[in-house]
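**Q** Structure incoming, see below.
Every number in this text was worked out from the coordinates using simple rules, so none of it is lab data. All of these numbers come straight from a predicted model, not from anything done at the bench. Positions of Cβ are backbone-derived with ideal geometry, glycine not excepted, and every protein chain shown enters the neighbour counts.
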Amino acid sequence: MIYLIVSVVVLAVLGKLAAPFIGRVRRVLLADDDSALAAKHGLVPRTGLVVDSPEPDPRAAAAVAAAAAGDWRPAAAHLAEGGTDWDLRWSRLGPFHDLAVKDDAWLQAWRKEQPENPDAALLHAHALTGVAWEIRSSAFAKDVSAEQFAAFHRVLDDAERASERAAELAPAGDPNPYVVRLAVAMGLGWDNERYRALWAELASRAPHHWAGHARALQYWCEKWHGSHEQMHAFVDASLATAPPVSMLSVFKLEAFVEQFSREGRKDSAYRAAPVQQALEQLLADIAAAPADHHRLPVARSWAAMVLVDSGRAAEALPHFRALGRDVVSPWTSYFRDPVEGFAQARVAAAMATKA
C-alpha cells in the first residue's frame, strides 16, 4: 500500500471544513492504490463511491427513468403512495426534483392533465426553488452578479406563489409546501419575525420534519439571517421534544460545524464536552434506528466525520462500512470535493483501527 505525505496547507484547499481533521491525517492514500485499503477493511473502493445518490428503490428508479422519457404516470403513482410520513414523502421528491430542474416537460404535461394534483403542484414549487438556487449558485454574495440576483429573486417569487398554490391543494396536515417556502424565505431575506410565523405553520403540522429543520438551521446560522446563539437555540428547542427516530440530533453537530467554521476554531474544538455530548446522542439514535431508516446514511456520515475530527477515528470505521458507496452530507454540503473529503476520513478511520 502506497502512502503520500502531504502538507496541511495543500490539503486545506480540498474542503471548506476539511482542516479540522486533515491536520491530524497527514498520510493520505493515493487514489490509484485504494483497493488494498478497501479490501482489508470491508470498504467500497474509491472508484465505486457515488456522490449524493443512495441506492434507490427499484420502483423509484423506474419512475424516474419513465419521467425522463416523458411518462409522468409512474412518478405520480410512486409519490401518491408516500402516506402521511411527511418527511419520507419529502425525501421521495428528491430524484424527481433533480430531474425537473433539468427538464420539466414531463412535469408540465402532468400538471396540464391533472392541474389540481397536490404532488404535481408541490413538485413544481420545489423545482422552481432548485432553479432559483442554481441561478444564484453557492458562491458568496460578493461573488454573485447583480443579474444573477435579479433572476434569483424573480424565480423565487414564482416559487412562493407556486408554494401557496401547493398548500391550497395539499392534504390536511401536509407540511411540505411550507418546507418549499422555507427556501424561498431564506433566499428573499425574510425578517426573523416573519420567518418564525412560517416555521409555526410547518411545526404545527410536523414538528420533527427533517428537511424543514435542515433548511431552518441554515436560515438561523450567522452566514444567513441569524447568529450562533439563535441557531443553537433553534436546534436545542427542537431536540427537547424530538424522538430518537427523528434523527434530528444530526443538527446539533451541524450547528457546531457552522459555528466553528465561522470562528476559525481548531480541531480541538470538536473534543469539547458539548460536542461530545451531541455526538453521543446521535450515536445512540443511530443504534436505535431501523436498518432501513431513510435518514440513516446522512446520520452515519455526520457521526463518522465528527468521530474523526474529535480524535475517535477508529470508532468511525463501522459507519463507513455501513455507508458503502454513498457519499452524502456533510461531505456534499461542506467539502468542495466530497469524494476526497470522504476518502480522507476513511483513511483516518482505517489507520486508527488495529487490524
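**Q** Measure up LYS102/LYS142; LYS223/LYS266; LYS40/LYS252 against 29 Å on the Cα-Cα distance and list the ones that go over.
**A** Going by Cα-Cα distance, LYS40/LYS252 fall outside the 29 Å limit.
**Q** Taking the chain as the reference, fit the longest principal axis to its C-alpha atoms, fit the long axis of helix 228-239 to the helix C-alpha atoms, and give the angle between the two in degrees, 0 to 90, nearest 10.
**A** Computed tilt is about 80 degrees.
**Q** Moving to a separate point now. So for each of 104-110, 177-183, 80-86 I average, over its residues, the number of other beta carbons within 10 Å; can you give me the resulting order with the highest mean first?
**A** 177-183, 104-110, 80-86
**Q** Among 123-134, 141-152, 225-236, what's the highest-first ranking by average C-beta atoms within 10 angstrom per residue?
**A** 123-134, 225-236, 141-152
**Q** Just round it to a whole percent: the fraction of Cα-Cα distances in the chain exceeding 36 Å.
**A** The proportion of pairs with Cα distances above 36 Å equals 23 percent.
**Q** Just want to confirm a number: the relative contact order over the chain, from Cα pairs under 8 angstrom separated by 6+ residues, in percent.
**A** 20
**Q** Here is a further query. When each pair of different Cα atoms in the stretch 54-127 is counted once in the 1/r mean, what is the Kirkwood radius in angstroms, to one decimal?
**A** In the stretch 54-127 this quantity evaluates to 12.0 Å.
**Q** Largest first and to the nearest Å, give the Cα extent of the stretch 57-206 along each principal axis.
**A** 42, 34, 27
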